[in-house]
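Values quoted throughout were computed directly from the atomic coordinates according to the rules given, and no laboratory measurement underlies them. Fair warning: this is a prediction, and the values are worked out from it, not measured in the lab. In this analysis, Cβ positions are derived from the backbone assuming ideal geometry, glycine residues included, and neighbour counts consider all displayed protein chains.
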Amino acid sequence: MHRFRPLRGSLLAVAFFAAFAVACASSSTSTVSAGGGTPTTAAAYPMTVDAANGKVTLVAMPTHIVSMSPTATEMLFAIGAGDQVVAADSYSDYPADAPTTKLSAYEPNAEAIANYQPDLVVYASDPGDLQSSLDKLKIPAISEPAATTLDDVYTQIEQLGEVTGHSDEAAAQVSALESKVQSVVDEVGDAGKGTTYYYELDDTYYSVTSDTFIGAVLGELGLKNIADQAKGASSGYPQLSAEYIVQADPDLILLADTKCCGQDAEKVAKRPGWSDLSAVKNGGVVELDDDVASRWGPRIADLLQQVGDAVQAQAPSSG
Amino acid sequence: MKHASRLEGTHLVGGPSRPSAARARRRAARWTLIGLVTLFVAVVIGLFAGAVRISPLGIIGWMLGGGSLTEQQKAIVAELRLPRVLLAGLVGAALSVSGCAYQAAFRNPLADPYLLGSAAGAGLGATIVIVLGVADAPLALPAAAFLGALGGVGLAYAMASTKAAGRTSTSLLLGGVAVASFLTALQTYVQQRNTDDLRAVYAFILGRLGTSGWHEVWLALPWVALACAVLLASRRLLEVLSLGDLEAASLGAHVARDRAIVVIAASLATAAAVAVAGLIGFVGLIVPHAVRMATGASNRLVVGLSILFGAAFLILCDVLARTVVAPGELPIGVITALIGAPFFALVLRRSGGAR
């Protein structure tokens, strides 16, 4: 229980935003084939893989997976391993047939997880003793932590494919993603260079630098991030001053706070001092899906497409 | 500040005896002048400093109706910087004057909006409103913060004023700590039960000075002005109350009624500040003490000076919050604590612990 002291609150909040940015998620709908069917690859079990949390050994193909990561849930379904997932954490709301439960990924409880008698647990972050508790219960667990590059995403999809016996689908998924990213990059072409953007995490102007995963993904298009000026200020998630945003006058305002904070182009236009910004006047305010933006799953390519389209729409006016 | 002029006319006739009423009056005038100048300087610095460099001459020119500012610079100064400076001033004044009032009314040097549970109450009220999803309704947030603030102080006071508790200032302190812990626990519980709103609650606690505009200024101004006016008008009362209940009663004060007026006004100021700026610690505790120690003045003068110096202090803290890591922002609560605590230690040393 924390005392309601502002200093403590401030630090908590800073930590919270960092965690929020990598682990956040809430509710969503969209398209991507939901998983099903039996494994296509003749995988050899027992199997040992090198994961972020060390060597993980599986005696047999997992058929009772508990996913404690919304991103992992999306990946598992995308590679056809959805049928093997028996439970997913409370934020795993995509795809629609994911077996969402009340399990909390923020405060994971090993006993509650064990209740589903899993033969594999996938998690993205271990805020305490999740791994050691699962070790004691002899439940194999694999960590797929927040990605920092698109390559991390591909590696995680391939690794989940390997352990679930869906290597072929995983490889196909990765190459589909790669070609989608490449096609957006090609479409945008040189229009991306010289286009500046402000990426908004919440309505108090927390943003991301290019050092973060989403910053790196947008960097693929050659865009320039106005928050990079504040790199020294924090670990990739600085809170920007309104004055600075107005002065920087970015070509694009990317709202990753449409769900958390109910922001949209109309509300942005009404903010004090924002009405004359180029992005506001030229339709450069892009309403993203918070969940897609904060995960590092297969839908990241769709988000890139959405931003790519906006860059192209802006291109004539931004020279 | 608009009430500053009232202070200059302060008459010390009828108060407890002084070595020299004329000398005291001169001292009051001198400190009021220093307070006004400090506040003016703080406002000027606040207007000139920011994440974006804008020529001070340009700003002065713009204020005089001409000038060479671009449209963008005008928007930054007029719609972002000016309201933010004014709001910081209002919040600083509100927190300081309420701290001063609580300290006098409860005769406790440690009394401040945090210790007495009023800030925790305001936080709980605001959290409930956010969780219920009605935070956007007009006045819902300030009203809930006000009720929470009043409830917090009321509980602490009720706890401490039972016969068994002995009605001492120590029991008030203990009551306040217990109430603050309880309300914070409730607030945490409500917040954890609604993790989807966690972000909104944190954003609220951290304050919205960084995203504020004229809307917030107009929201806070009437309540802060009202509370300041009531407390300024009650400054003789505060001095009497600070003597102790028996002494106050012997001087003809209606102790319970007078204290209630002061506490309600102080809670109103706290709630208005919390509603627009979140929870900003240290200001309510240190500003009145610093003023008291630096000036050696009685509560009568400290009320007004707390308004002036509290406003100046928070404006300057906010300048640091928006320039130190520019173009990033620092939470202002970090600044008030980092600057406030050592500054307080300095004042404490220099005054030789006279209080």
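Distance between the pseudo-spin-label points of residue A:313 and residue B:294 (7 Å out from Cα toward the beta carbon): 5.4 nm. Taking a sphere under 11 Å around the Cβ of residue A:291 and counting the other residues whose Cβ falls inside, with K and R at +1 and D and E at -1, yields a net charge of -1.
Couplings 3J(HN,Hα) for the range A:288-299, derived from phi with the Karplus relation 6.51 cos²θ - 1.76 cosθ + 1.60 (θ = phi - 60°), are 8, 8, 3, 5, 4, 5, 9, 9, 10, x, x, 6 Hz, where x marks Gly and Pro. About its Cα centre, the dipole of the range A:193-314 is roughly 180 debye, where the only charges are +1 on Lys and Arg Cβ and -1 on Asp and Glu Cβ. Neighbours of residue A:89, meaning other residues whose beta-carbon lies under 11 angstrom from its beta-carbon, give a summed charge of -1 when Lys and Arg score +1 and Asp and Glu score -1. Radius of gyration over Kirkwood radius for the range B:4-350, both on Cα atoms: the Rg/Rh ratio is 0.99. Scanning residues 5 or more positions from residue A:141 or on other chains, those with amide H under 5 Å from its amide H are A:121, with H placed 1.01 Å from N in the peptide plane. For the pair the range A:243-319 and the range B:242-311, the centres of their Cα atoms are 46 angstrom apart. With the helix formula -39500 (n - 2.57) applied to DSSP H stretches of n ≥ 4, chain B reaches a computed 222 nm mean residue ellipticity of -23500 deg cm²/dmol. Here the simple spin-label model places points 7 Å from the Cα toward Cβ, and for residue A:282 and residue A:135 these points are separated by 5.5 nm. In the range A:28-167, Cα pairs under 8 Å separated by at least six residues give a relative contact order of 28 percent.
Place +1 on the Cβ of every Lys and Arg and -1 on the Cβ of every Asp and Glu in the range B:200-355, take the dipole about the Cα centre, and give the residue among B:323, B:233, B:263 whose Cα lies farthest towards its positive end. So the residue we want is B:233.
Note that the range A:96-109 has calculated 3J(HN,Hα) couplings of 4, 8, 5, x, 5, 10, 8, 4, 9, 7, 6, 10, x, 10 Hz, one per residue in order, obtained from phi through the Karplus relation 6.51 cos²θ - 1.76 cosθ + 1.60 (θ = phi - 60°); glycine and proline are x.
A Förster radius of 56 Å combined with the Cβ-Cβ distance from residue A:151 to residue B:229 puts the calculated FRET efficiency at roughly 0.30. Exposure proxy shown here: for A:135, A:126, the number of other Cβ atoms within 10 Å sets the order, fewest to most, as A:135, A:126.
Relative contact order, whole percent, for the range B:165-285 stands at 34, derived from Cα pairs under 8 Å and 6 or more residues apart. Between amide H atoms placed 1.01 Å from N, distances below 5 Å from residue A:80 occur with A:35, A:36, all of them 5 or more places distant or on a separate chain. Pairs over the 23 Å Cα-Cα cut-off, from the set A:193/A:281; A:55/A:102; A:193/A:231; A:270/B:74; A:55/A:136: A:55/A:102. State the percent of C-alpha pairs, over all pairs in the protein assembly as shown, separated by a distance greater than 32 angstrom. So the portion of pairs separated by more than 32 Å is 56 percent.
Distance between the pseudo-spin-label points of residue B:214 and residue A:275 (7 Å out from Cα toward the beta carbon): 0.9 nm. Within chain B, the selection of entire DSSP H helices by a Cα span of 15 Å or greater along the long axis and an average Kyte-Doolittle value of at least -0.5 returns B:21-48, B:82-105, B:118-131, B:140-160, B:169-193, B:214-233, B:255-277, B:283-295, B:299-323, B:332-350. Distant-in-sequence amide contacts of residue A:286, defined by a placed amide H-H separation under 5 Å and a gap of 5 or more residues or a different chain, comprise A:253, A:254, A:255. If R0 is taken as 56 Å, the Cβ-Cβ distance between residue B:257 and residue A:305 corresponds to a FRET efficiency of 0.25.
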